[in-house]
Structure formats: structure tokens, C-alpha cells
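For reference, the structure discussed in these notes is given below.
The values are calculated or read from the model by the stated rules, or taken from the named source; none is laboratory data. Just so it is clear, the model here is predicted, and its values are computed rather than measured. Here the Cβ positions follow ideal geometry from the backbone for every residue, glycine too, while neighbour counts run over all protein chains shown.
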Amino acid sequence: MKRQWYYRGSLKSCNYSCSYCPFSKKKGSLREEQNDKAAFFRFVENACDGEMVQGAVQIVPYGEALIHSYYWEGLARLSCNAHLDAVGAQSNFSFPVKQMLSCFKGQGGDIDKLRLWGTFHPEMTSLEAFVEQCRQLTKQKISYCVGVVGVPEYISIIRKLRHALFDSVYLWVNKMDGLGRAYTMSEKKVFLEIDPYFEMELSHHKSDETLCMDHRFVEADGTMRHCNLTRQTIGNFYYNNAPDKTMVCGRKECSCYLSYCNRKEVVPGSFLPYPAFRIPAGFDWHSRYY
């Protein structure tokens, strides 16, 4: 059965030091990286063995994964799996593009299956440097999306980012947690002009476990859940397939994109069949903006 698979390893370190992020305060040790690499390759080997894993796999790390070449090696091997239509990862796009794509291709990776999700962090990198990374990815014919947190104080630079990106690149805006107030009408209008799907972020999606049964979120030790938010386990990836069963999510809302994107009644059809990559087909910002 084709489904969306997520993998989150034990990596909890990042090369950025964003003020709001707990993982920016932690630098990974060599042993921690080795353990994360071993766990990831274990997942890759099992995912490529047989027909259990079909559909798409997205790496959703706590820290920054794509600065490590072993993630590119693993993604390449996953992309060679005939049962997978797409593979990808979330990133801050700080990795050396030519070097890492060379690693991916050197392992026989299928560029056509690669899907990247890049978040722009204005307190850590310049607009020019980030856009140049995006342009290099476009030259290499990589499918990707770009995103930002909808901080009102950053509206000016977010607008500049939208105009600097290719029209075909979707720029999403996440609502800002901890804002302490609702967005003003003018702020909401600006973010909707930049991201025509921003309304999804502002809506309240009541949790409904029956809508998420087809998805698998796998952690480093093999623990499986239906999404990244629920704490209800549905077995272990390495020891059993955990047949679908009735469960209680325990969450009141699907409060982040990775959770509510699993619900086909929420996301537009252009994001299907694998909306977790956040790349809508046929997107053209220029025509939407004007």
C-alpha cells in the first residue's frame, strides 16, 4: 500500500543558533552522529527490503540533517527503491549544494524523486545567500519549496524573498506561535498575498485519528505513530507491521502542517498525492499575485 512515511532520527543538533529553537543550543558529538547514522541506515536498509515501504519518505529531523553526507547517501538509496515515488527532507538549506548533490548522484540517487523543504531563517543567513542556494537547486532541477515563520516584523524581508524566488517556487508562511495576539487584517492580507494557502495555518483542525490511518511516522528506535504530534504508538517498524487499529489520538487539534497535511479534506488537490513535501503541482506565484 502506498502511503506517506516520515522518519525522525536521534539527531538533535544544528549548525544554526536561532533564538527560539531548543536544538540550536546543542552541538552534536561524534558519537551522537555515529549513532544517528547507524539508526538512519538501519531504517533505509529495512525500507528498501521488500515491499512494506511504498509511496514516499520524508526526513523530518529535529536538527539539521542535510549538512551530513550520510543523509544524502541514505536518500539516494531510498530513491533507488522502485516502490517509492518520492524522497526528501526538511532543511535550512545551508548545505553545500554541489558537494551534497554529487554525493547523492554518486550513490545512484534519482534526482526526479528528490523533494526538499527549505526554511529561511533571517536571523542566521542573508536573503542573498539563501536565494543563491535556491537558484543552485533550480539549476540542478531539484523540486523544492521554501518557507518562513510569519513574524510581522519580518514582512519586508519576506516580501523581498517572494520576489527573489522563481515564480514556480511555492513560498509558504507558518503562523507564528507565541505572538500573543491575532494577526491584524493588514498582516493577514500581506501573508495571504505571499502564500495563497496561509488560511490553512490560521484554521483550527480538530484531531480525527480516523483520517490519519494511512500514515507512518518512524523514530530512530523504530517506534511508529500516525503523525509527529500524537504520542499514541502503533507498534515498531522493525518488529511488526502493527495492523491498523482503532486508537485515540489524544490531541485536540492537528496544529502544525505535518499533522494536518495528512488530511485530504484540508489541503488543496494540487499538493497530492504526497502533501507532506509541501510542493503544489503547477504553482505559479506571479499569476496568483497579480
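For the reader, a short list of remarks on this structure follows.
- Scanning segment 104-160 for residues that are among the small types (Gly, Ala, Ser) and more than 24 Å from residue 85 (Cβ to Cβ) yields 126, 129, 150, 156.
- All positions within segment 81-121 that are of a type in the set (A, V, I, L, M) and either in contact (Cβ under 8 Å) with a residue 24 or more places away in the chain or under 21 Å from residue 14 (Cβ atoms) (or both): 84, 86, 87, 89, 97, 100, 101, 111, 114, 116
- Residue in segment 274-282 that is of a type in the set (D, E, K, R) and exposed (fewer than 12 other Cβ atoms within 10 Å of the Cβ) present: no
- Whichever residue in segment 193-209 is at pLDDT 90 or above and in a helix (DSSP H, G or I) and, among such residues, is surrounded by the fewest Cβ atoms within 10 Å (Cβ to Cβ): 199
- Residue ID - surrounded by the most Cβ atoms within 10 Å (Cβ to Cβ), chosen from residues in segment 161-192 that are of a type in the set (Ser, Thr, Tyr), part of a loop (DSSP other than H, G, I, E, B) and free of Cβ contacts under 8 Å to residues at least 40 places away in the same chain: 183
- Test: residue in segment 266-286 that is in contact with an Asp or Glu (Cβ under 8 Å, 6 or more places away or on another chain) and modelled with pLDDT under 85: yes
- Residues of segment 34-72 satisfying the condition of being in contact with a helix residue (DSSP H, G or I) (Cβ under 9 Å, 6 or more places away or on another chain) and surrounded by fewer than 20 Cβ atoms within 10 Å (Cβ to Cβ): 37, 41, 45, 48, 52, 60, 62, 67, 69, 70
- Single condition residue 96 does not satisfy, out of (1) under 20 Å from residue 131 (Cα atoms); (2) surrounded by 23 or more Cβ atoms within 10 Å (Cβ to Cβ); (3) over 16 Å from the mean Cα position of the chain (by Cα): (2)
- Unmet requirement for residue 28, which otherwise passes all of (1) closer than 22 Å to residue 107 by Cα; (2) in contact (Cβ under 8 Å) with a residue 24 or more places away in the chain; (3) of a type in the set (Gly, Ala, Ser): (1)
- Residue in segment 139-160 that is assigned to a loop (DSSP other than H, G, I, E, B), buried (at least 19 other Cβ atoms within 10 Å of the Cβ) and either among the hydrophobic types (A, V, I, L, M, F, W, C) or in contact with a helix residue (DSSP H, G or I) (Cβ under 9 Å, 6 or more places away or on another chain) (or both) present: yes
Here is a yes/no grid of residues against (1) touching a Lys or Arg at 6+ places or on another chain (Cβ under 8 Å); (2) within 23 Å of residue 237 (Cα to Cα); (3) without any contact (Cβ under 8 Å) to a residue 12 or more places away in the chain:
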site: 37; (1), (2), (3): no, yes, no
site: 44; (1), (2), (3): yes, yes, no
site: 51; (1), (2), (3): no, yes, no
site: 55; (1), (2), (3): yes, yes, no
site: 58; (1), (2), (3): yes, yes, no
site: 63; (1), (2), (3): yes, yes, no
site: 69; (1), (2), (3): no, no, no
site: 74; (1), (2), (3): no, yes, no
site: 78; (1), (2), (3): no, yes, no
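- Within segment 210-227, the residues that satisfy the criterion of being crowded, with 16+ Cβ neighbours inside 10 Å, among the hydrophobic types (A, V, I, L, M, F, W, C) and part of a loop (DSSP other than H, G, I, E, B) are 212, 220, 227.
- Residue 125 passes every criterion in (1) outside any helix (DSSP H, G or I); (2) within 19 Å of the chain's Cα centre (by Cα); (3) of a type in the set (Val, Ile, Thr) apart from (2).
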